[in-house]
Amino acid sequence: MKRNLQNELWGKTLLSVYRHLQTMANSIDNLIKRIGINSTFNNSVYNATLLDSNKIIELTERKIKIINLKVITEKALNALSEKDKKLLVLCYANNVNYKKIIELLKISERTYFRRKEIAIANFANNLDNFGFNADKLSKYLQNENWIKNTYYQTLNASAANYCKHQNSKQQYKLLKLVLNDFSSGAISSFY
């Protein structure tokens, strides 16, 4: 499987917002009802009614986009193995702490992080197979600032994690060099 980090970032983003999508759709419904009721009782003139109608159309289009996002996320999740699906649902949809997930799934911490990385890659690959790669999602969600903010938070967290990991690698390499130098010096001092 070829990995695409951009697709994986969007995959993490969709998993992060997934639990909020239904709430957002319900909130849009309530807002549409309120606009409709207020428009009815406001003895509004033609322009106000036209503005209210345009708001309702815009909100309905946003709701359709959110519902489509929910459906494609569920479709990509359902295409995963049961193990991957369970891990991602616990982690993202149910927002369960990783230590609790380790306990529930009876796996080691190392296995958890490895499986999570693989599950996210598989999820992102499923999204791509269903026609929702990073470019399409970026364009599709360009006006959904709350989702774009989540994307940027995911990007920053991933970058920070990568830098931390790279620093760890560099520190390990430095330590290995020092130990090799020390070992070489110690061994040569015996001869």
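Only the coordinates and a few stated rules stand behind these numbers; no lab work does. Remember, predicted model here, so these are calculated numbers, not experimental data. Every residue, glycine as well, gets a Cβ built from its backbone with ideal geometry; the counts of neighbours run over all protein chains shown.
Among Ile35, Ile57, Ile147, which comes first, second and so on when ranked by fewest other beta-carbon atoms within 10 Å?
Ascending number of Cβ neighbours within 10 Å: Ile57, Ile35, Ile147.
Step through the residues of the range 29-35 one at a time and calculate ³J(HN,Hα) from phi using the Karplus curve (6.51 cos²θ - 1.76 cosθ + 1.60, θ = phi - 60°), rounding each to whole Hz and writing x for Gly and Pro.
Karplus values, whole Hz, x for Gly and Pro: 4, 5, 5, 4, 4, 4, 4.
How would Lys139, Lys70 line up from fewest to most surrounding beta-carbon atoms within 10 angstrom?
The fewest-first ordering by Cβ neighbours comes to Lys139, Lys70.
Too long at a 27 Å Cα-Cα cut-off: which of Lys55/Lys139; Lys12/Lys65; Lys12/Lys33?
Pairs exceeding the cut-off: Lys12/Lys33.
Taking the simple approach of a point 7 Å from Cα along Cα-to-Cβ for both Arg114 and Arg34, what is their distance in nm?
Going by the 7 Å Cα→Cβ label model, 5.0 nm.
Give me the distance in nm between label points sitting 7 Å out from Cα along the Cα-to-Cβ direction at Trp146 and Thr60, one decimal.
If labels sit at Trp146 and Thr60, their model points lie 2.1 nm apart.
Among Ser108, Ser16, Ser158, which comes first, then next, by fewest other beta-carbon atoms within 10 Å?
With the fewest neighbours first, Ser108, Ser16, Ser158 line up as Ser108, Ser158, Ser16.
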